[in-house]
């Protein structure tokens, strides 16, 4: 096993201490912000985790030789994972109800309240809002998290199918799918009457079970084993989806998600996935 260590400031003393704690053999540079400690002992994870957290470094024990091309499907949440915002909170801002809606979103992401009920409550708060607010959120506020475009481009180069599955709304996932080239995208449909949001959604609800269901179905349809799936999320409603994957990654996630994920990226961008599972070297 190799121990991958990454962060904006990985100091030499911290790397040496992590090598000592993990009983590793050598420290190798992967990039400006990522390092590989070879022949590390995964049983030392508790000690490594404590030191890495204090040094603001992400880490992961990875089987030597594993690459992105070993996987067949990359499934990702959208809000606060692929993008830096919660779309529903920003829509609510145009209705003057952001604080109220954001509080419900945060509680739902921590797993404290029923997610479908939280969505109905939040969407109801949007009733009567001009649908043009959706366009303003997309144009003015939606930004991709660091490394998102790099990760998606690498997945495409390596033949990995990509799935965007969100408890958010099709207005955003359709546009993000087109911009980044996702193979599949599923989310909820906001109802509009005339030019106003009705405060309801229609169609099958993409909740926690819905997200997991889409991953499970695509695994069957594409003939991809669980071990060849990577799933990335940040909230409690991502946990069933992440359980469908051989590799689960908590991205700047809530504690309940980090506790159950195989890996956590707290300090690096989404391209940190490529330090854990790099692309195969090009043939000479």
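The values are calculated or read from the model by the stated rules, or taken from the named source; none is laboratory data. Just so it is clear, the model here is predicted, and its values are computed rather than measured. Neighbour counts run over all protein chains shown; Cβ positions are idealised from the backbone, glycine included.
Below, the figures for the structure above:
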{"quantity": "Residue check, residue 64 on the phi < 0 side of the Ramachandran plot and outside any helix (DSSP H, G or I)", "calculated": "yes"}
{"quantity": "Qualifying positions in segment 180-201 - touching a helix residue (DSSP H, G or I) at 6+ places or on another chain (Cβ under 9 Å), without any contact (Cβ under 8 Å) to a residue 24 or more places away in the chain and either farther than 19 Å from residue 155 by Cα or outside any loop (DSSP other than H, G, I, E, B) (or both)", "calculated": "185, 189, 191"}
{"quantity": "Leading residue by the ranking (surrounded by the most Cβ atoms within 10 Å (Cβ to Cβ)) among those in segment 202-235 that are under 12 Å from the mean Cα position of the chain (by Cα) and outside any loop (DSSP other than H, G, I, E, B)", "calculated": "233"}
{"quantity": "Any hit, segment 71-84, residues being assigned to a helix (DSSP H, G or I) and on the phi < 0 side of the Ramachandran plot", "calculated": "no"}
{"quantity": "Residue match in segment 131-141 (condition: surrounded by 21 or more Cβ atoms within 10 Å (Cβ to Cβ) and either farther than 23 Å from residue 270 by Cα or free of Cβ contacts under 8 Å to residues at least 40 places away in the same chain (or both))", "calculated": "yes"}
{"quantity": "Test: residue in segment 155-167 that is at positive phi, modelled with pLDDT of 95 or more and assigned by TED's automatic domain parsing to the domain that holds residue 246", "calculated": "yes"}
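So that you can scan it fast, the table gives a plain yes or no per residue for (1) outside the structural domain of residue 4 (by TED's automatic domain parsing); (2) modelled with pLDDT of 95 or more:
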residue: 34; (1), (2): no, yes
residue: 49; (1), (2): no, yes
residue: 54; (1), (2): no, yes
residue: 57; (1), (2): no, yes
residue: 72; (1), (2): yes, yes
residue: 77; (1), (2): yes, yes
residue: 84; (1), (2): yes, yes
residue: 98; (1), (2): yes, no
residue: 103; (1), (2): yes, no
